[in-house]
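Trainee: Dropping a structure here in structure tokens format, bear with me for questions.
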């Protein structure tokens with residue numbers, strides 16, 4: 001049965017879709033069958049990323065390992081039973097259609113609190129929460145005293161993850177492996193970066209998540225999206241030279257995939 005990887009938080013611009021695409025494509029390159037869903041029904045950034053990839057492959061006549069992206073099925077309201085939620089059913093059917101045939105299902109959530117996002121978090125075996133490395137995004141996880149910098153308590157999002165964990169425990173499912181990924185880490189060890197890191201480590205022990213470094217701020221990510229490419233595709237396509245920045249970015253992806261500790265996964269790219 002597929003392991004479900006959910007990428008979510010409630011702030012936009014943190015690199016959720018970039019993380020989704022790179023994780024899903026890396027798993028595909030490692031020989032796994034990967035399904036993909038985008039629950040941001042308005043922006044569809046992850047969906048468009050995969051669509052751009054398919055268009056690029058057709059244009060240049062090459063084949064690249066690609067996750068199997070599918071839209072949520074359309075339901076006839078007349079088929080819903082009493083008290084059934086249409087969005088719940090759409091997501092349930094989409095996951096059930098891939099659960100037995102895929103090794104992994106990667107789900108991108110919107111940068112806001114929605115019913116679909118809430119249900120997806122309860123389905124997560126692995127939850128990846130990317131955040132920009134600043135106290136602006138730290139507010140996603142916890143409330144902080146502005147004077148002392150001390151954590152006052154969990155945020156609404158952290159409480160939602162806690163509820164999802166409780167739901168899984170009641171259903172007899174394994175606990176969620178929650179991972180907070182620090183994206184856009186600065187190259188220099190600035191004072192604010194250290195303070196964010198210390199606050200994250202403190203909070204991780206209190207509410208139970210792992211902290212991993214993610215992707216640094218790089219121009220290459222903005223250049224890859226229109227062609228649907230990832231860092232792992234550069235050698236195959238020949239569209240970019242592997243400069244030092246790109247090589248460093250590939251190593252960041254290797255480190256992330258290794259540190260996710262996905263079962264039966266050997267990172268070999």
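The values are calculated or read from the model by the stated rules, or taken from the named source; none is laboratory data. Note that the structure is a prediction, hence the values are computed from the model and not measured. Reconstructed Cβ throughout: ideal geometry from the backbone, glycine too, with neighbour counts over all protein chains shown.
Trainee: Kindly indicate the residue of the range 51-68 that is surrounded by 14 or more Cβ atoms within 10 Å (Cβ to Cβ) and in contact with a helix residue (DSSP H, G or I) (Cβ under 7 Å, 6 or more places away or on another chain) and also farthest from residue 6 (Cα to Cα) among those meeting that condition.
Mentor: The qualifying residue farthest from residue 6 (Cα to Cα) is 56.
Trainee: Would you confirm whether any residue within the range 174-196 is under 29 Å from residue 257 (Cβ atoms), assigned to a helix (DSSP H, G or I), in contact with a helix residue (DSSP H, G or I) (Cβ under 8 Å, 6 or more places away or on another chain) and at pLDDT 80 or above?
Mentor: Within the range 174-196, one or more residues are under 29 Å from residue 257 (Cβ atoms), assigned to a helix (DSSP H, G or I), in contact with a helix residue (DSSP H, G or I) (Cβ under 8 Å, 6 or more places away or on another chain) and at pLDDT 80 or above.
Trainee: Can you find, within the range 81-113, the residue that is nearest to residue 32 (Cα to Cα) among those that are assigned to a helix (DSSP H, G or I) and in contact with a helix residue (DSSP H, G or I) (Cβ under 6 Å, 6 or more places away or on another chain)?
Mentor: Checking each candidate, the answer is 91.
Trainee: Being more than 14 Å from the chain's Cα centre (by Cα), in contact (Cβ under 8 Å) with a residue 40 or more places away in the chain and part of a loop (DSSP other than H, G, I, E, B) is the filter here, so list the residues in the range 1-45 that pass it.
Mentor: 1, 2, 30, 32, 33, 41, 42, 43, listed by residue number.
Trainee: Sticking with this structure for a sec: Of the numbered conditions (1) surrounded by fewer than 24 Cβ atoms within 10 Å (Cβ to Cβ); (2) in contact with a strand residue (DSSP E or B) (Cβ under 8 Å, 6 or more places away or on another chain); (3) touching a residue at least 24 places away in the same chain (Cβ under 8 Å); (4) closer than 25 Å to residue 181 by Cβ, residue 114 fails exactly one; give the number of that condition.
Mentor: (2)
Trainee: Residue 140 passes all but one of (1) without any contact (Cβ under 8 Å) to a residue 12 or more places away in the chain; (2) assigned to a loop (DSSP other than H, G, I, E, B); (3) closer than 26 Å to residue 24 by Cα; which number fails?
Mentor: With respect to (1) without any contact (Cβ under 8 Å) to a residue 12 or more places away in the chain; (2) assigned to a loop (DSSP other than H, G, I, E, B); (3) closer than 26 Å to residue 24 by Cα, residue 140 is out only on (1).
Trainee: Just the residues that are under 22 Å from the mean Cα position of the chain (by Cα) and modelled with pLDDT under 80, please, taken from the range 238-265.
Mentor: Scanning the range 238-265 gives a single hit, 264.
Trainee: Among the residues of the range 62-69, is there at least one that is under 26 Å from residue 250 (Cβ atoms), assigned to a helix (DSSP H, G or I), at pLDDT 95 or above and touching a strand residue (DSSP E or B) at 6+ places or on another chain (Cβ under 8 Å)?
Mentor: no
Trainee: Test residue 27 against the criterion of being surrounded by 23 or more Cβ atoms within 10 Å (Cβ to Cβ), over 27 Å from residue 217 (Cβ atoms), modelled with pLDDT of 95 or more and touching a strand residue (DSSP E or B) at 6+ places or on another chain (Cβ under 8 Å), and give yes or no.
Mentor: Considered against the rule, which asks whether it is surrounded by 23 or more Cβ atoms within 10 Å (Cβ to Cβ), over 27 Å from residue 217 (Cβ atoms), modelled with pLDDT of 95 or more and touching a strand residue (DSSP E or B) at 6+ places or on another chain (Cβ under 8 Å), residue 27 comes out as no.
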